[in-house]
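Each remark here refers to the structure printed beneath this line.
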Amino acid sequence: MLSLFDNFSVAFSYLSPMVGIYSLYTLGLGTGGPRYIWTIPVVVGLMMLVALVFGELASEYPLSGALYQYGKFCVGARYGWFIGWIYGFALLATVASVDSGAVGYITSLANVWFKTHLDPAKHLTIFAITGAIIVLSAILNWTGAKIMGRVARFGVYVETIGTFGVFIALAVHGFHQGFGFIFSSQGVEHLKSNPLGLDFGGNWWTSAALVAILANVYIFYGFESAGAISEETVGAQRQVPKAMRNALIYGGIASFALVLGLLLATPQLGIGPVVNGGINTILATLPGWLQDFFLIMVIVAFFSCGTAVQGAGARVAFALARDGALPLSHKIRAISRRFHTPANAILVGTIVPFLFLLLVLINPSRPVRILWFEYPAHVNALYALVSFATSGIYLAFFLTVLGALVARARGWKPNGIFRLGKWGVPVTLGGAVYLLLMLLNIVWPSSLSSGRAIFNYGWITLLVMAVIVGAGAIYEAVARPTRDVSNTT
């Protein structure tokens, strides 16, 4: 069984400040300038409303599957099934996207240490390395919750070193900017001074900021995975809500420290070279051995994050299968006699990311016309799927919080150890409003020349979400997988 720290570690490893910042820092900086750092406390503070709602639900329903279970008991089996369908797909898409994000760092380290000539842009390289990470994560998830907990614990230590450690190392080496720098936009709202060539019409608050905030919106979730392993956690009704809050708070603090260090270490030449050259432009000022050390920390963080997400996704599949709500449910819900883990559900959590990984082979050399819009050139379909991973998570979050509002309107009174009391309705309503607004901000269609297209690829995110939700609706209408599912514990 998992302790509070194990449960927190899984949630924190999924949230993973290092993975998020190392993946999205240059986009946040290029769209919002240095002051984009102040979107971190905004996103963390508003997402805390959601964490409080989930904590109350987790305390009431400490079951594997988390969001699926919350929707099922708050509204009904069909409603919960849709949440599980969307959330499960989003999680397993995240596995493929996170693990593929490690490829560039692994090849860089291999090329330095072993004098190889691996090209991180080659399809075969991406497929081979990402596939190996997926399989290794599956083995660790399969061998037991305690092993998964230990991997996640190690991930917490690595994240701590890789965030606060980078800040300290850069500070010791010498910052190049004063604190006034982090309150400036460096003119990113103007086309002539935007390093990404984006035109926000000179409007930071009403244009650039709405795009820059997405660099953090894409990071601060994953805390809900603490609820996915409730049945494997000691004292889950008390510990899971606490783990969710702690993962979000610590993730926010660690992210702020890392971004602050990177901003203050920006060369006097300005943000342009960093946006175009990446974080390594800043880290290159550190001694070679320290660069290699932090590179290892980044790779471990990516692996730990992918393992945690895969474990959470597998448990959503297990929860659905246990209720007979998936094809081949009797197979998927099987438990390993040796390790007492949902072995076949973990297999599903391995196969589906592999299928998503095949999308890396789709990489058009010129824009492709699809219906009334274009798919951008030189963007492989796997990266486009990343945008669905976030929009799918936010849609599942919104439906879950909305379900909690519906339950309250029907007279539900939480009986778990953790309760919001008189703050229940305003906190739940605030969380629902935030999620809806950010979901719209993520999926809102835009031209490929706009700043938003960096995150949603024009119409692609909305289209992919519509296809997955539509496929679920067709399957649910035809197969009726929830006809025998009970809405009571």
Between segment 314-378 and segment 99-123, what is the C-alpha centre distance in whole Å? 25 Å
Row for segment 377-489, column shape: gyration tensor on C-alpha, a ≥ b ≥ c, rounded if a/c < 1.5 i.e. under 1.5, prolate if a/b over b/c, else oblate; value oblate
State, to one decimal in nm, how far the label point of I351 lies from the label point of K413, with both points 7 Å from Cα in the Cβ direction. 4.7 nm
Which sequence of M1, M438 reflects their accessible areas, 1.4 Å probe, from the largest down? M1, M438
Segment 383-456: relative contact order from alpha carbon pairs under 8 Å, six or more residues apart, as a whole percent, is 44 percent
Would you work out the relative contact order for the chain, in percent, from Cα pairs under 8 angstrom that are 6 or more residues apart? 31 percent
If you put +1 on each Lys and Arg Cβ and -1 on each Asp and Glu Cβ, how big is the dipole of the chain around its Cα centre, in Debye rounded to 20? 960 debye
Let me have the 222 nm mean residue ellipticity of the chain computed from DSSP H runs of 4+ only, each contributing -39500 (n - 2.57), with the sum over all residues rounded to the nearest 500. -21500 deg cm²/dmol
Among rounded, prolate and oblate, which fits segment 100-177 when a ≥ b ≥ c are the square roots of the eigenvalues of its C-alpha gyration tensor, a/c under 1.5 means rounded, and a/b larger than b/c means prolate? oblate
Taking square-rooted eigenvalues a ≥ b ≥ c of the alpha carbon gyration tensor, is segment 151-275 rounded, prolate or oblate, where a/c under 1.5 means rounded and, failing that, a/b exceeding b/c means prolate? oblate
At R0 = 45 Å, how high is the FRET efficiency between A171 and A477 if r is their beta carbon distance? Nearest 0.05 is fine. 0.20
Solvent-accessible surface (1.4 angstrom probe) belonging to W423, in square angstrom, nearest 10: 150 Å²
Determine the share of segment 383-489's accessible area contributed by carbon and sulfur atoms, expressed in whole percent, with a 1.4 angstrom probe. 68 percent
Exposure rank, largest accessible area first [F373, F303; 1.4 Å]: F303, F373
How many angstrom separate the Cα center of segment 17-40 from the Cα center of segment 417-489? 24 Å
Aspartates and glutamates within cross-link reach of K115: Cα-Cα under 15 Å, excluding same-chain residues under 8 positions apart? D292
What do you get for the angle between helix 103-113 and the principal long axis of the chain? Use alpha-carbon atoms, 0 to 90 degrees, nearest ten. 50 degrees
Probe 1.4 Å, all chains present, heavy atoms only: R333 accessible area in Å², nearest 10, is 100 Å²
With Cβ to Cβ distances under 12 Å as the rule, what net charge do the other residues near L67 carry (K, R +1; D, E -1)? +1
In whole Å, what is the distance between the alpha-carbon centres of segment 51-74 and segment 217-293? 26 Å
Which percent of the accessible area of segment 94-246 is formed by carbon and sulfur heavy atoms (probe 1.4 angstrom)? 66 percent
Expressed as a whole percent, how much of the Cα-Cα distance distribution for segment 1-123 exceeds 21 Å? 60 percent
For the full complex of protein chains and a 1.4 angstrom probe, list F114, F175, F54 by accessible area with the highest value first. F114, F175, F54
In what sequence, highest mean first, do 412-421, 275-284 appear when ranked by Cβ atoms within 10 angstrom? 275-284, 412-421
Going by alpha carbons, how many degrees (0 to 90, nearest 10) lie between the helix axis of 39-60 and the longest principal axis of the chain? 10 degrees
Can you give me the accessible area per residue for the chain, using a 1.4 Å probe, in Å²? 39 Å²
Compute the helix-to-body angle for 77-101: its Cα long axis versus the longest principal axis of the chain, expressed 0 to 90° and rounded to tens. 30 degrees
Considering the dipole of the chain built from charges on the beta carbon (Lys and Arg +1, Asp and Glu -1) around the Cα centre, which of A121, V379, L67 is farthest to its positive end? L67
Using DSSP to call loops (not H, G, I, E or B), can you name the trypsin sites (Lys or Arg not before Pro) in segment 82-184 whose Cβ has at most 12 other Cβ atoms within 10 angstrom? K115
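The values are calculated or read from the model by the stated rules, or taken from the named source; none is laboratory data. Remember, predicted model here, so these are calculated numbers, not experimental data. Glycine also receives a Cβ, built like all others from the backbone with ideal geometry; neighbour counts cover every protein chain displayed. Calculation scope for accessible area: heavy atoms of the full protein, side chains included, ligands and nucleic acids excluded. Shrake-Rupley method; radii C 1.70, N 1.55, O 1.52, S 1.80 Å.
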